[in-house]
1. Take the residue pairs Lys217/Lys275; Lys39/Lys367; Lys139/Lys397; Lys39/Lys99; Lys355/Lys442; Lys275/Lys352 and return only those whose Cα atoms are more than 20 Å apart.
2. With an 8 Å Cα cut-off and a minimum separation of 6 or more residues, compute the relative contact order for the stretch 21-89 in percent.
3. Only helical DSSP H runs with n ≥ 4 go in: add -39500 (n - 2.57) per run for the chain, normalise by residue count and round the 222 nm mean residue ellipticity to 500 deg cm²/dmol.
4. Can you compute 3J(HN,Hα) from phi for each residue in the stretch 225-232, using the Karplus curve 6.51 cos²θ - 1.76 cosθ + 1.60 with θ = phi - 60°, rounded to whole Hz and x for Gly and Pro?
5. Which cross-chain or sequence-distant (5 or more) residues have an amide H under 5 Å from the amide H of Phe337, H modelled 1.01 Å from N in plane?
6. Please list, in order along the stretch 421-431, the HN-Hα scalar couplings obtained from phi with the Karplus expression 6.51 cos²θ - 1.76 cosθ + 1.60 (θ = phi - 60°), rounded to whole Hz, x for Gly and Pro.
7. So how far, in whole Å, is the C-alpha centre of the stretch 182-210 from the one of the stretch 8-23?
8. Report the full-extension gain for the segment Glu11 to Ser393: residue separation times 0.36 nm, less the Cα-Cα distance, to one decimal in nm.
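The values are calculated or read from the model by the stated rules, or taken from the named source; none is laboratory data. As the structure is a prediction and not an experimental result, all values here were calculated from the model. We place every Cβ from the backbone using ideal geometry, glycine too, and count neighbours over all the protein chains shown. All accessible areas refer to the heavy atoms of the entire protein, side chains included, with ligands and DNA or RNA removed. Shrake-Rupley method; radii C 1.70, N 1.55, O 1.52, S 1.80 Å.
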Amino acid sequence: MLPQEFLNRMEKMLGEDYPLFLASYEREAYKGLRRNPLKAEQEEFENRMPFSLKEVSWTPTGYYYSLAEHPGQHPYHQAGLYYIQEPSAMAAAEYLQVKPGERVLDLCAAPGGKSTQIGGYLCGEGLLVCNEPHSARAKILSENIERMGITNALVTNEMPGKLAEIFPRYFDKILVDAPCSGEGMFLKNEEACLEWNPNNVQLCAKRQDEILKEAAKMLRPGGCLVYSTCTFSEEENEGSINRFLTGHPEFAFVEEKRFWPHQVEGEGHYIAVLKKQGNPEQGDHPSSTNGYASAADLKECPEFVRFQQEYLNLSSMPLWRKASEASLSENWRLYFFGEQLYHLPADMPSLKGLKVLRAGLHLGTVKKNRFEPSHALALALKPSQAKYTISLSSEGKEVRAYLSGQTFLAEGEKGWYLIAVDGYSLGWGKLAGGIMKNHYPKGLRR
């Protein structure tokens with residue numbers, strides 16, 4: 001049951017379009033998924049998918065799927081081939097027009113739909129900072145970054161004001177997908193409908209003003225800021241932008257777009273694009289990593305060196321594809337966080353004082369006389385980049401057994417194997433005595 005005050009407001013806003021808007025709540029919610037370009041090209045993806053797909057018009061990677069299908073239960077989901085996302089929510093990241101090598105901030109990023117979309121466009125180059133103030137939601141965000149095989153992301157759990165202290169005038173692009181009253185989720189989320197009230201709309205608008213104020217500090221001159229919500233309230237949309245522009249004359253309005261549920265095949269979204277005036281050369285450059293993590297080179301990581309020599313095809317790894325054999329150590333940006341070994345994106349700023357959940361690619365754990373590879377490393381690799389692989393069929397029982405944590409019989413050399421589904425990486429296994437020990441993370445097992 002839609003709140004009457006909400007309906008009264010929408011009738012006033014929409015006028016003669018109101019009956020069409022109201023009728024949109026009588027249908028089923030649209031379901032969508034978004035291809036991960038880090039894992040599969042378009043033709044390969046469309047030929048491989050076992051679902052009935054229809055393209056979403058406002059993004060080249062988005063698709064509708066049938067309400068009767070359940071892609072979240074398919075092994076391809078665990079392999080990170082796609083991200084399940086409401087179709088109209090796929091539009092905001094498109095307006096950022098992200099290019100490889102840029103520094104991009106997703107300020108309110110959980111659960112990760114827009115961050116993973118941005119990460120796909122960065123192609124592993126540049127830096128993506130994904131922030132979520134709520135700790136439990138930040139953990140989900142970090143897991144989705146890992147599942148999609150994104151290697152150049154920094155996942156933080158901070159308030160916007162704290163990030164603004166660390167990253168003044170730093171980012172080329174910033175997305176503010178602001179917390180809102182969630183009116184665009186009423187059809188698919190009954191709880192959002194029950195929790196709605198006019199006072200919450202006002203509280204959300206006030207919070208959005210504060211978030212935008214901090215975001216402005218972090219955008220370099222010449223940079224682009226995209227603001228988005230999944231609500232219909234003018235107070236939270238056009239009102240937020242107008243209030244922001246009044247207090248920030250250094251920003252210019254570029255364009256805005258509303259996705260109405262009675263006009264598009266989606267549940268609704270608002271998007272505004274702003275540009276910060278000035279010389280791009282005036283942006284700041286925070287210092288490189290120090291203090292929080294300890295830097296290392298290959299000489300200090302003999303366990304990892306042995307692992308990559310025994311189990312990885314280094315020459316074909318995209319993380320180091322620009323490195324010559326003579327300068328490999330200069331391209332391995334290795335850092336220890338305790339016994340955890342990470343490969344950090346280039347020009348990573350200082351992490352000192354930040355609550356960090358993920359910094360670049362987690363390579364694994366360095367233990368006494370051995371190295372144990374991480375699940376993140378498995379999902380970042382292609383099977384051709386591991387010396388030993390076993391690819392299971394998505395239609396067979398074996399892959400389901402693997403995802404539930406079971407061991408299985410196998411033949412081959414003793415050691416670490418990259419386990420895949422139809423040629424897409426899923427996780428690690430370790431073969432000994434004809435038994436493949438399962439190293440799929442316990443927390444992800446079905």
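1. Numbers: Lys217/Lys275 13 Å; Lys39/Lys367 30 Å; Lys139/Lys397 30 Å; Lys39/Lys99 18 Å; Lys355/Lys442 25 Å; Lys275/Lys352 30 Å.
Beyond 20 Å between Cα atoms: Lys39/Lys367; Lys139/Lys397; Lys355/Lys442; Lys275/Lys352.
2. Working: 84 pairs, mean separation 30.1, N = 69.
Relative contact order, the stretch 21-89: 44 percent.
3. Numbers: 15 runs with 128 residues, N = 446.
So the calculated ellipticity at 222 nm is -8000 deg cm²/dmol.
4. Those phi angles translate into 10, 10, 10, 8, 9, 10, 10, 9 Hz.
5. Here Tyr342 satisfy the definition.
6. 3J(HN,Hα) across the stretch 421-431, in whole Hz: 10, 6, x, 10, 4, 10, x, 10, x, 10, 8.
7. Comparing the Cα centres of the stretch 182-210 and the stretch 8-23, I get a distance of 18 Å.
8. Gain on stretching Glu11 to Ser393: 132.3 nm.
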